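Taking it in order: structure first as structure tokens, then the write-up.
The values are calculated or read from the model by the stated rules, or taken from the named source; none is laboratory data. Being a predicted model, the structure only gives us computed values, none of them experimental. We place every Cβ from the backbone using ideal geometry, glycine too, and count neighbours over all the protein chains shown.
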């Protein structure tokens, strides 16, 4: 009898404890689900875990789920595009597509003027000497380019000739033209100030209508999705050494969107942030990619700022910079944000994302900026962005850091869940070069 009573007491106590546990579980069940929903405001994807948590916190504290959110004065954010929103550079990829398919709308005489625009006749950087070790400059490379373009212009059916693209590709003038044009772009970028080199490549759209450039960019994007991620080297033919001699140039192939950044764009928009792009590429190239709903960034057309050229009376592009706008690189990005966004909102961007020295000004020029995302491309520590990357590394794991460093894998074109990045051809992740 005593044992039976004890058993009953134990059973009652167990049931009581179970009831207490169940009741407690029921009281915390709803908040637990709510917290889980908050954590998933931004998909985890391949984000570094700490960066993911910080971005979630930033969105929740400043977006439309926050009590302090004001729809009349919404927060806004600014993304760089090339190598920040996408893997590689859409402007550079478009140049390759334009060259390979001979998609030009100028005569040889006009092209000669375009490629010489604002380029001094000093020798290019010694890294761009020809294969014989001799220096090259605009006066030696231009005649070679124009000679080959003249032959293509007269013979290719897409210009003024009758031969198909496959037919003209068999002639050494084709290889000479595309190689020396791509070499010239690289040599200018390595030799002259960004204020000269960044606009230069946009001049090659002379004769295009804006929507034609956007369509060209879309075609480039679709083509690049099918390309292998790898460096490509072009060498001009010995048979057409010309004045510049034989030259080589290497460029990166395999542009991809960063899916995690696309998810970040959407999470920000869905939570009441106005999302802008400020890029050093050409305006209609970026609009073609950033605003296309099929690609996945979905930025409104009027929220893209980039390099602008003048138009003629028929709305065709002229190889002349539009001085009504700043060059959207370096300090020009900050000036563009000041002119068009701070003047509109009355305050600065709450978030900036970038990857290079062209972004370092806007990363530090606005007191309202709470978070800065840096895609880790191993920038030199002698630059501001290199120092910001170092600060991000040192403040990793601390409460509410301003700078976040996000790693990527150059073999896949994807983020990796780390602050460290992996170089093409390597499997080792490093924080700094």
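Go over the candidates 266, 262, 310 one by one and state the one that is closer than 26 Å to residue 417 by Cβ and surrounded by fewer than 17 Cβ atoms within 10 Å (Cβ to Cβ).
Testing whether each residue is closer than 26 Å to residue 417 by Cβ and surrounded by fewer than 17 Cβ atoms within 10 Å (Cβ to Cβ) leaves just 266.
Residues that are under 18 Å from the mean Cα position of the chain (by Cα) and more than 23 Å from residue 63 (Cβ to Cβ): does the stretch 334-346 have at least one?
yes
With closer than 30 Å to residue 261 by Cα, touching a strand residue (DSSP E or B) at 6+ places or on another chain (Cβ under 9 Å), crowded, with 16+ Cβ neighbours inside 10 Å and touching a residue at least 40 places away in the same chain (Cβ under 8 Å) as the only criterion, which of 84, 179 stands out? Write out each step before concluding.
On the way: 179 fails: closer than 30 Å to residue 261 by Cα.
It is 84.
Restricting attention to the stretch 409-433, and to residues there that are part of a strand (DSSP E or B) and over 18 Å from the mean Cα position of the chain (by Cα), which single residue is surrounded by the fewest Cβ atoms within 10 Å (Cβ to Cβ)?
430
For the stretch 166-173, check the following and say yes or no: at least one residue is in contact (Cβ under 8 Å) with a residue 12 or more places away in the chain and closer than 16 Å to residue 104 by Cα.
yes
Quick one: in the stretch 56-81, of everything that is outside any helix (DSSP H, G or I) and in contact with a strand residue (DSSP E or B) (Cβ under 7 Å, 6 or more places away or on another chain), which residue is nearest to residue 328 (Cα to Cα)?
By that ranking, first place goes to 80.
Taking the stretch 119-165, which residues are assigned to a loop (DSSP other than H, G, I, E, B) and surrounded by 14 or more Cβ atoms within 10 Å (Cβ to Cβ)?
Residues satisfying the conditions are 119, 123, 124, 125, 129, 130, 135, 136, 137, 158, 159, 161.
Based on this model, can you work out whether residue 295 counts as more than 19 Å from residue 105 (Cβ to Cβ) and touching a helix residue (DSSP H, G or I) at 6+ places or on another chain (Cβ under 7 Å)?
yes
Does residue 419 meet the test of being modelled with pLDDT of 95 or more and touching a helix residue (DSSP H, G or I) at 6+ places or on another chain (Cβ under 9 Å)?
Taking the combined requirement at face value, the residue satisfies it.
Regarding residue 397, is this residue on the phi > 0 side of the Ramachandran plot and out of contact with any strand residue (DSSP E or B) (no Cβ under 7 Å at 6 or more places or on another chain)?
Considered against the rule, which asks whether it is on the phi > 0 side of the Ramachandran plot and out of contact with any strand residue (DSSP E or B) (no Cβ under 7 Å at 6 or more places or on another chain), residue 397 comes out as yes.
Considering only the stretch 94-153, how many residues are on the phi > 0 side of the Ramachandran plot and under 31 Å from the mean Cα position of the chain (by Cα)?
Matching residues across the stretch 94-153 total 2.
Scanning for something assigned by TED's automatic domain parsing to the domain that holds residue 159, modelled with pLDDT of 95 or more and buried (at least 18 other Cβ atoms within 10 Å of the Cβ), does the stretch 70-80 turn up at least one residue?
No, the conditions are met nowhere in the stretch 70-80.
So, of the residues in the stretch 221-255 that are in a strand (DSSP E or B) and either in contact with a helix residue (DSSP H, G or I) (Cβ under 6 Å, 6 or more places away or on another chain) or modelled with pLDDT under 95 (or both), which turns out to be surrounded by the fewest Cβ atoms within 10 Å (Cβ to Cβ)?
Filtering first and then ranking leaves 234.
Of all residues being in a helix (DSSP H, G or I) and touching a strand residue (DSSP E or B) at 6+ places or on another chain (Cβ under 6 Å) in the stretch 203-220, which is surrounded by the most Cβ atoms within 10 Å (Cβ to Cβ)? Just the residue, please. Full working, then the answer.
Quick first cut of the stretch 203-220, residues in a helix (DSSP H, G or I) only: 203-205, 210-220.
Still in the list and also touching a strand residue (DSSP E or B) at 6+ places or on another chain (Cβ under 6 Å): 203, 205.
Working: 203: 22, 205: 27.
Here the answer is 205.
Taking the condition closer than 21 Å to residue 82 by Cα and at pLDDT below 95, does residue 431 pass?
Yes.
It is to be established whether one or more residues within the stretch 256-266 are touching a helix residue (DSSP H, G or I) at 6+ places or on another chain (Cβ under 8 Å), within 25 Å of residue 356 (Cα to Cα), in a helix (DSSP H, G or I) and outside the structural domain of residue 205 (by TED's automatic domain parsing).
yes
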